[in-house]
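The values are calculated or read from the model by the stated rules, or taken from the named source; none is laboratory data. All values reported here derive from a predicted model rather than from experimental measurement. Reconstructed Cβ throughout: ideal geometry from the backbone, glycine too, with neighbour counts over all protein chains shown.
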Amino acid sequence: MSYLFLSVSIVLCGGILPFLFIRQFNRMRAVAAFFTATGCLLGLVSAVLLLAGNDQPTISVGFLSSFTLDFKADGLSAFFLMVIFLISFLAAIYGYHYLDKPERAVRIAASHLFFSLLIAAMALVVTAYNIITFLLCWEIMSLASFFLVVHDHEIEENSKAGYLYAVYSQVGALFLLAAFGIMYASTGTLDFAAAASLSEPTKILVFALAFVGFGSKAGVFPFHAWLPHAHPAAPSHISALMSGVMIKTGVYGIVRLYHLLAWHTPLFGQIVIIAGMITGILGVIYALGQQDIKRMLAYSSVENIGIILIALGLGMIGVAAGQPLIAVLGFAGGFLHVLNHSLFKSLLFMGAGMVLHQTGTRAMDQLGGLIKRMPVTGSTFLIGSLAIAGLPPFNGFVSEFLIYMGGFRGAALGKSYFVLSVLAIISLALIGGLALAAFTKVNGVVFQGEPRGVPAQNAAEHGSGMLVPMVILAAACLIVGLFPTFFMALAIRAVAALNLGYGRIPLAPFVPLTANITRAAALFLGVLVLLWILRSFCYRGKTITQAGTWGCGFTRPTARMQYTSSSFAASILNFFSTVAPLKEEHPAIKGRFPAPTHYHSQIQDIAELQITSLIVRPVIFLFDKLRWLQHGEIHMYIGYILLAIVVALVFVFQ
């Protein structure tokens, strides 16, 4: 635990020391990157060692002479610490070149400060072991990420995204406060360990309230509406950290509370698995309909949170049904997908950041042909796309295969377990197919074909600090897929920390089967690469002519004739129009000499629409009606204060 606090201290130095070098911009960036990356590397090593051992170190620190801040690191904490420090390490290196505007030195120094605070707060959240400690670290994490989202606050869209995120964060925190308040009122202690002594109805209420609070941070439908606004607004390495890591603290909270309540009712599994299916399916549908590359990746994060929840729900059902193999397959698959998603989603956001950095646009329909001008970015983005689609031999397949196996095992159970397991399998298949379509679209529109606009024509990649983390993440996606045994063992160690009471569960039939499938796929890809090398060797020194693609007799094709992001997905989205209504803007063509017109379409998020119509507008209407209370007359304000004091005294002396 001492090494954990040392690593957090070094990370915080990476946020504070840059202010000493405001006038030396390059040195400021180097100091920030060095200390943050060093602290994260130390934290990563300590987390892996902690996960490999059996120790559960604890530490208590006095706070305000009234409370103690208690921290405890077990296998579950260590697994999430490993993910936090790994992605933060690479994001710190990426940010060195991404934030390269000397004229904004003060703002960039502030960004480094909040970046380090976010990393430290996430590490402390997953080790917090009492109510005060958890809520304090949770609020620091939310505030730090808010200031990172509004980095470019002069852009109105970004400031609105930041405030929307703040609202969702605080509403979620209120639900957590209510859940923990009930725990404290029932037990009389702030210690998490006392949660197991709650009555069963109280446990249901606490879990339901906390699920909403944690779900708002994780992006569970319908509490996900802040993600597609906040992720495009934040700098890309921050988007990678928030999407790849921060939203997983919500997942951690759900699992930790399930562990603390120590009540293995099937109700919890049913809640989680149903929420996961809805979240995953709608998330990938909305991702498919986006035209902004970062917004599309944000909705894809919602989809993957759905996959993780499906896995955790299967694990909870396995525990409730007394089926340890299903429980371990579900929980291990979910934890491994937490790691895998952090790898390929961070890679994809960094790739999108390189595209934005070099072209100045996130609009897919302004891009095209970038793999020729940005080969490293295009190749690594393709690897991330294959991984997130769950195709072997990449890491996404490994975790999803475990979840499938848990679902098939669950389908052998009776009654409601059978129904939920079958629905989980169908949902996973649907999510996987739609994810493949979504990332085929983004790769085809952004990286293939010809440039659709001037930004894509002038694109070029540079900045080793941005390219190296992308290459490392792409390699990690392949390594986890080819050699899954070690990483599956880490996930199983995290499952063991839940103390499900089943001892060691052998997964011998599944570990080698998973590895064999991924290696067979790798062999197939290796043959393709060998054929490509052989072809290059045979054509060496020969003249290769180039000609335009055959256009069915049309001899003057243009870039505008290519598929757009909207047209590619139109037929699929039409099928889901009930849950993804299409908003079109197309002024009619009128007159003998019509003026130029345009066409714009946008998929609408039904959760955002309903929350706006059912909650936001009525609240604004109510506040408008109460505006007369704010009239600017000081003596009336004094009267309000006196009235409030009188009312308070009445309640006190009742």
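If you go through segment 97-135 one residue at a time, how many are in a helix (DSSP H, G or I), surrounded by fewer than 21 Cβ atoms within 10 Å (Cβ to Cβ) and without any contact (Cβ under 8 Å) to a residue 24 or more places away in the chain?
2
Say we look at segment 154-172 and pick out the residues that are over 14 Å from SER216 (Cα atoms) and touching a residue at least 40 places away in the same chain (Cβ under 8 Å); which of these is farthest from the chain's Cα centre (by Cα)?
Out of the qualifying residues, it is ILE155.
Among the residues of segment 195-217, is there at least one that is of a type in the set (S, T, N, Q), surrounded by fewer than 24 Cβ atoms within 10 Å (Cβ to Cβ) and assigned to a helix (DSSP H, G or I)?
yes
Yes or no: ILE131 over 24 Å from VAL245 (Cβ atoms) and either of a type in the set (A, V, I, L, M) or modelled with pLDDT of 90 or more (or both)?
The answer is no for ILE131.
Does GLY351 fit the bill of being assigned to a helix (DSSP H, G or I), touching a Leu at 6+ places or on another chain (Cβ under 6 Å) and either touching a residue at least 60 places away in the same chain (Cβ under 8 Å) or closer than 25 Å to THR279 by Cα (or both)?
When the stated conditions are applied, GLY351 does not pass them.
Please indicate, with yes or no, whether at least one residue in segment 281-300 is within 28 Å of LEU573 (Cα to Cα), out of contact with any strand residue (DSSP E or B) (no Cβ under 9 Å at 6 or more places or on another chain), aromatic (Phe, Trp, Tyr) and part of a helix (DSSP H, G or I).
Yes, that holds for at least one residue.
When you go through PHE175, PHE147 one by one, which is the residue that is among the aromatic types (Phe, Trp, Tyr), assigned to a helix (DSSP H, G or I) and over 22 Å from PHE221 (Cα atoms)?
PHE147
Restricting segment 46-96 to residues that are aliphatic (A, V, I, L, M) and without any contact (Cβ under 8 Å) to a residue 12 or more places away in the chain, which is surrounded by the fewest Cβ atoms within 10 Å (Cβ to Cβ)? Spell out the reasoning first.
To start, the set of residues in segment 46-96 that are aliphatic (A, V, I, L, M) comprises 47-52, 59, 61, 64, 69, 73, 76, 78, 81-84, 86-87, 90-93.
Okay, now just the ones that are also without any contact (Cβ under 8 Å) to a residue 12 or more places away in the chain, so 49, 61, 64.
Numbers: LEU49: 12, VAL61: 11, LEU64: 8.
Among residues in segment 46-96 that are aliphatic (A, V, I, L, M) and without any contact (Cβ under 8 Å) to a residue 12 or more places away in the chain, the one surrounded by the fewest Cβ atoms within 10 Å (Cβ to Cβ) is LEU64.
Yes or no: SER399 under 30 Å from ALA491 (Cβ atoms) and surrounded by fewer than 24 Cβ atoms within 10 Å (Cβ to Cβ)?
no
Scanning segment 243-277 for residues that are more than 20 Å from PHE175 (Cβ to Cβ) and of a type in the set (A, V, I, L, M, F, W, C), which turns out surrounded by the most Cβ atoms within 10 Å (Cβ to Cβ)?
ILE273
Please enumerate the residues belonging to segment 311-333 that are surrounded by 24 or more Cβ atoms within 10 Å (Cβ to Cβ) and among the small types (Gly, Ala, Ser).
Of everything in segment 311-333, those that are surrounded by 24 or more Cβ atoms within 10 Å (Cβ to Cβ) and among the small types (Gly, Ala, Ser) turn out to be ALA311, GLY313, GLY315, GLY318, ALA327, GLY330, ALA332, GLY333.
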